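Below is one structure, written out as structure tokens, with a few remarks after it.
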Amino acid sequence: MIHQPLPLKYASKLSFLSKNATSLISRLYFSSDISPKNDDVDTIFRIITSSTSCKHLKQSLKSSEVNISNDLVDKILKRVRFSHGNPLQALDFYRYIDNRRGFFHTAFSLDTMLYMLGRGRRFDIIWDVLADTKRKDQSLISPRTIQVVLARVAKVCSVRQTVESFKKFKKLVPDFDITCFNALLRTLCQEKSMTDARNVYHSLKYDFRPNLQTFNILLSGWKSVDEAEGFLEEMREMGVKPDIVSYNCLIDVYCKDRQVEKAYKIVEKMRDEDISPDVISYTSIIGGLGLVGQPDKARDVLKEMKEYGCYPDAAAYNAAIRNYCIAKRLRDASGLMDEMVEKGLSPNATTYNLFFRVFYWSNDLRSSWNLYCRMMGTGCLPNTQSCMFLVKLCKRQEKVEIALQLWNDMVEKGFGSYILVSDVLFDLLCDMGKLVEAEKSFLEMIEKGHKPSQVSFRRIKALMELANKQEALQNLSNKMALFGPSMIPKREEYLAEMSASDSFSC
């Protein structure tokens, strides 16, 4: 029997499957049940950030004798990303590892690398990396990859350029389908405007088949009640039945527009359609009642929702607590936080930040610090917002000891943004002439792999020059040089990254 060769289209599919199988086997080989040691992550991270050339990087990696695994590479790239390291140094490492025989990167590594390149606005290199990835393992390029790249493009480019970048993925992804289109729409909702997302949707909707997720993405960003209602009607006309997410989006729009009665009508409509409102539905209503000045009625919702078999979570309690904080009824807000604990719910950083904000605007450092101590005592670590409220209060009242205690806790326990907090801390220390403490905190930050801002460095440098501490200044300059050329984004972009969470979560 003579076997005919397969048609080219089937042969290419088999080739693609073969590549996937090879990459899967490779990842199983390079993966490990044992988590990479922190020492290994630190070692490779320092090699990357201190390398002066690609050749130097390769030699240092070979001499380190660290066993490279996918888990280790993921952790290293994540470390470089959050320390705002030089993306070109990270790329040298990424490509060196990628060229090792039998090694295949994970989707996480690819997306992290592309994110860093996008943050550094090296879009030309992004397309090179994607082309290389397509040749080696096309399965890594996913809708999430599309969203990571487009999010960085949309931050600095026009809507037209963002759409053009989206169309380039047609030749890169295995399936250029509605999930890819949804990634574009989600990006435009987050980085541009709902009007832009709507216009792009209408111009490209005939090239794809919109599904329920498409409409839910677009519904989630509406601020205008009329437009949201019209869009829901278009959804029905296209034969797409709204689900709980769709209705929750509409409830949220009504509540933010202070039309709480209409929100209640949607809840009743949901029940008529045998769709049970969930905790998100009730949380929106609690927030809406707060906007119309009815915090007590919002608190009653916490009890009423239980009658329908829906139990409030931390977010629902936070919404009710926020209402009392806005009304400056801190006793009632504190009572709700105690009730949370009684119900087995742990107050989170968002809960505490509601109180920190009130204390910040009332210039009450004592209450803020007492709350911080309570927070730490319960094992709830502050987030960046918590730290910023505290350190700004310390600067306002010139409380160096408290600010340094906060900083020491951050260094020891690893919470908060070193970059944002350190800018305020170094301002305080320099204003108070605390040069020794400023130098110590500066070095601690670098030791953790985070590059201080150029503004902070210049302030400390000026003081050291006045104090004639040339040796110490040279040491700091050498430490800063290890990070390579400054690739730190603008403050606005960093703040956006801290709050996004993310179109891409690492």
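Laboratory data are not the source of any read-out in this text; all were calculated from the coordinates shown. Note that the structure is predicted; figures quoted are calculated from it, not measured. Every residue, glycine as well, gets a Cβ built from its backbone with ideal geometry; the counts of neighbours run over all protein chains shown.
At full extension, Thr378 and Asn99 could sit 95.7 nm farther apart than now, given 0.36 nm per residue minus the alpha carbon distance.
Among Glu234, Glu437, Glu268, a tally of other beta-carbon atoms within 10 Å of each Cβ gives an order, fewest to most, of Glu268, Glu234, Glu437.
A compact globular protein would have a Cα radius of gyration near 2.2 N^0.38 Å; the ratio found for the chain is 1.12. Each peptide in 307-317, 273-283 receives the mean, over its residues, of other Cβ atoms within 10 Å, and ordering these scores from highest gives 273-283, 307-317. In this structure, the residue pairs whose Cα-Cα separation is over 26 Å, taken from Lys78/Lys256; Lys78/Lys343; Lys75/Lys434; Lys78/Lys479; Lys192/Lys395, are Lys78/Lys256; Lys78/Lys343; Lys75/Lys434; Lys192/Lys395. Note on the chain: helix-only mean residue ellipticity at 222 nm, from DSSP H runs of 4+ residues weighted -39500 (n - 2.57) and normalised by residue number, equals -22500 deg cm²/dmol. Quantify how much of the Cα-Cα distance distribution of segment 103-243 extends past 26 Å, in percent. The answer is 27 percent, as a whole percent.
Given R₀ = 25 Å, what would the calculated FRET efficiency be for Lys168 paired with Arg209, taking r from the Cβ atoms and rounding to 0.05? Approximately 0.70, to the nearest 0.05. 3J(HN,Hα) couplings calculated from phi for segment 108-122 with the Karplus curve 6.51 cos²θ - 1.76 cosθ + 1.60 (θ = phi - 60°) are, in sequence order, 4, 4, 4, 5, 5, 5, 5, 4, 5, 5, x, 5, x, 6, 9 Hz; Gly and Pro show x. Charging the Cβ of each Asp and Glu at -1 and of each Lys and Arg at +1, and nothing else, the dipole of the chain about its Cα centre rounds to 1560 debye.
Between Lys58 and His202, the simple spin-label model (points 7 angstrom out along Cα→Cβ) gives 5.5 nm.
Rounded to 0.05, the FRET efficiency of the Val156 and Glu471 pair, given R0 = 45 Å and the Cβ-Cβ distance, is 0.65. If the chain linking Ala131 and Glu261 were pulled fully straight, counting 0.36 nm for each residue of separation and taking away their Cα-Cα distance, it would gain 41.5 nm. Per-residue Cβ neighbour counts within 10 Å put Arg458, Arg95, Arg198 in the sequence Arg458, Arg95, Arg198, beginning with the fewest.
Find the centroid of the Cα atoms in segment 88-166 and in segment 404-441, then give the distance between the two in whole Å. Cα centroid to Cα centroid, the span is 34 Å. The P(r) of segment 340-495 has a tail past 20 Å containing 52 percent of all C-alpha pairs. Go ahead and run the numbers for FRET between Ser224 and Val411, Cβ-Cβ distance against an R0 of 45 Å, rounding to 0.05. Using R0 = 45 Å, I get an efficiency of 0.45.
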